[in-house]
Amino acid sequence: MNESVTRGSGYFLEGLKQLPDPAIRWFVLLPMMINLLVFGGLIYLTFRQFGIWMEDLFGWIPSWLSFLEYLLWPLLSMAVLGVVFFTFTILGNLIAAPFNGLLAEKVQRLNGADDLPDYELKDWLVLLPRTVCRELRKLVYYLPKALVLLILSIIPVVNLASPVLWFLFNSWMMSIQYCDYAADNRGVSFNDMLVRLREQRSSVWGFGATVSLLLLVPFINLVIMPAAVVGSTLLWERQIERQRVGC
């Protein structure tokens with residue numbers, strides 16, 4: 001099992017190394033630039049409005065409770081940053097989904113998959129409806145489970161295990177998020193993809209855990225997204241797809 005987990009992590013590192021490849025360079029750079037603009041816009045709007053929000057909020061606090069400002073300020077700052085990063089992740093995935101599908105297709109072709117449609121960057125509008133629907137399907141899968149974990153997180157004693165449960169679940173979701181592009185290109189339904197990922201659970205979780213840990217580093221998700229797409233595509237083609245065809 002340890003070997004499988006390590007192998008899963010290795011796919012992400014290999015994906016990171018392949019980012020400068022001229023054959024996929026533009027499929028990497030374009031969504032990164034779009035995400036940078038989206039993230040920069042969110043940060044700008046947040047910091048522009050943050051002071052106003054704080055003044056409005058603290059205006060409701062009586063003067064004799066003014067000491068609470070020193071306690072609430074860092075907590076609310078962290079909460080707002082969390083919302084910004086969460087919003088960026090959702091928007092970033094939705095905007096980048098067609099480009100990520102194109103990037104996965106190019107990596108699949110470089111690894112011998114010659115039975116896929118040969119799309120180019122100009123075709124991203126054609127892929128947009130399909131990829132957005134697929135992203136929404138992932139949200140439908142994610143939200144009910146996240147809600148259960150959220151409830152567990154506020155139950156005394158039980159909530160002691162919630163950080164571990166969140167990490168395990170988020171690692172699984174990272175693999176689903178990024179392996180889905182290669183699976184979709186292969187015409188594999190979302191439910192069938194889940195079945196195949198469970199068959200390689202250790203490697204899949206090792207890949208997702210690596211992505212989850214690196215996402216804790218601020219701003220690095222601008223590089224992690226394309227690296228995760230390339231790495232997960234390699235994982236799908238070399239391990240999951242190859243096992244299914246009996247190679």
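The values are calculated or read from the model by the stated rules, or taken from the named source; none is laboratory data. Here the structure is a predicted model, which is why all the values come from computation and not from measurement. Quick reminder, even Gly has a Cβ in these numbers, built from the backbone with ideal geometry, and neighbours come from all protein chains shown. The accessibility values were calculated without ligands, DNA or RNA, using every heavy atom of the protein model including side chains. Shrake-Rupley method; radii C 1.70, N 1.55, O 1.52, S 1.80 Å.
So the values come out like this:
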{"read-out": "Dipole magnitude (debye, nearest 20) for segment 174-214, charges at Cβ of Lys, Arg, Asp, Glu", "value": "120"}
{"read-out": "Solvent-accessible surface ranking, highest first, for 26, 166 at 1.4 angstrom", "value": "26, 166"}
{"read-out": "Solvent accessible area, Å² - residue 32, 1.4 Å probe, full protein context", "value": "50"}
